[in-house]
Amino acid sequence: MSAENPSRCGLVAIVGRPNVGKSTLLNALVGEHLSIVTARPHTTRHRILGVVTKPEGQILYLDTPGMHRQARRAMNRSLNRAVHAAVAEADLAVQLIEAGRWDDEDESVYAALAQGETPRLLALNKLDRVRDKAALLPFVEKLCAEHAFSEVLWLSAQRMEGITELESAILARLPQREPAFDADTYTDRSERFLCAELIREQLMRQLGEELPYATTVEIEDFKDREDGLAEIAAVVWVERNGQKAIVIGAGGEQLKKIGTSARRGIEKLLGRRVFLRLWVKVREGWSDDEATLKRFGYE
């Protein structure tokens, strides 16, 4: 990169209340199915780093969990710490909201941003669901009068609309810095982590309201066989025997369906055939135990 056109690189925290579309936005920006997406709030439980390299610079996106207003359990507190840590590290924050909606949860997210000096962009998502977009103008004017946002962006992450404009607004505000990753890198997360997340995605999608949040996935073994097959053994952890029965289903059919769907996603991710084995195990109270959370990768 020449001195006349120096490279830019920086961390961008994508923050917002639960289920506002942060993970969908990250995937749209990165162009990969990096962060799992379901219709349920609080799907994202980890900070996910997505790397996008452009001629103008490199953007390091941090997808964050939704803020928990009532952090009663260790899991909730861990997720809130992840959000605050991301904002503290970031060079820029993008607060994502649903177009036309600003509630107490959105205000709590803004309050977390306002504690630091990180520049903030406001991104209105799900614009495709708003019939009268002109009616949003007074809404945005009021928000900007009461909150310090550097710029307002309009988008529909699911439809890939407004992504280029958001990206340009971000690049213009990043510091002049050399790239942190090679141009072909799109995340710092391991294949083991991504495979575990794809399994958890199917758990949440297929079990819906039946599945409690106290469920996580741990990869016990991951190896490439001589025949080119990736052999993966994973454990689905729950907190009660009743939850275990739900995940397994009658005659093991539910677990088989989850495994089949997860395997397809993993094969797409890895670019090779996969042999996936799943077990369901019980560990009482794991989501409210700090030591167990660390073991399962919740930092």
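Coordinate-derived values only; no laboratory data. No experiment lies behind these values; they were computed from the predicted model shown. Cβ coordinates were reconstructed from backbone atoms using ideal geometry, including for glycine residues, and neighbour counts include every protein chain displayed.
What to note about this one:
- Fewest-first ranking of Arg205, Arg263, using other Cβ atoms within 10 Å as the exposure measure: Arg205, Arg263
- Over the C-alpha trace of the chain, radius of gyration and Dmax come out as 20.2, 66 angstrom.
- Efficiency of FRET from Cβ geometry, Asp188 and Ala291, R₀ 35 Å, rounded to 0.05: 0.90
- Positive-pole candidate from Val280, Gln206, Gly228, dipole of segment 191-295, charges at beta carbon: Gly228
- Label-to-label distance for Asn241 and Glu141 is 6.4 nm, based on points extended 7 Å past Cα in the beta-carbon direction.
- Computed over neighbours whose Cβ is under 15 Å from that of Glu141, the net charge equals 0, Lys and Arg +1, Asp and Glu -1.
- For segment 244-298, applying the loop criterion from DSSP together with a ceiling of 16 other beta carbons within 10 Å to the GluC sites (Glu not before Pro) yields Glu284.
- 3J(HN,Hα) along segment 186-199: 10, 6, 9, 7, 7, 4, 4, 4, 5, 5, 4, 5, 5, 5 Hz, from the Karplus curve 6.51 cos²θ - 1.76 cosθ + 1.60 with θ = phi - 60°, whole Hz, x for Gly and Pro.
- Proximal charge balance of Val217 [Cβ under 12 Å; K/R count +1, D/E count -1]: 0
- Lys54/Arg272 FRET efficiency (R0 30 Å; Cβ-Cβ; nearest 0.05): 0.55
- The dipole here belongs to the chain: it is taken about the Cα centre, uses +1 on the Cβ of Lys and Arg and -1 on the Cβ of Asp and Glu, and is about 960 debye.
- Segment 6-55-segment 181-198 distance, computed between alpha-carbon centres (Å): 13 Å
- Relative to the Cα centre, the charge distribution of segment 47-169, modelled as +1 at Lys and Arg Cβ and -1 at Asp and Glu Cβ, gives a dipole magnitude of about 560 debye.
- For Arg8, the amide hydrogen comes within under 5 Å of the amide hydrogens of Gly57, Gln58, Arg177, counting only partners 5 or more places away or on other chains and with H modelled in the peptide plane.
- Taking a ≥ b ≥ c as the square roots of the Cα gyration tensor eigenvalues, segment 76-183 comes out oblate, since a/c reaches at least 1.5 and a/b does not exceed b/c.
- Dividing the summed -39500 (n - 2.57) terms of all DSSP H runs of n ≥ 4 by the residue count of the chain sets its mean residue ellipticity at 222 nm at -11000 deg cm²/dmol.
- Segment 265-287 and segment 115-156: distance between their alpha carbon centers, rounded to Å: 39 Å
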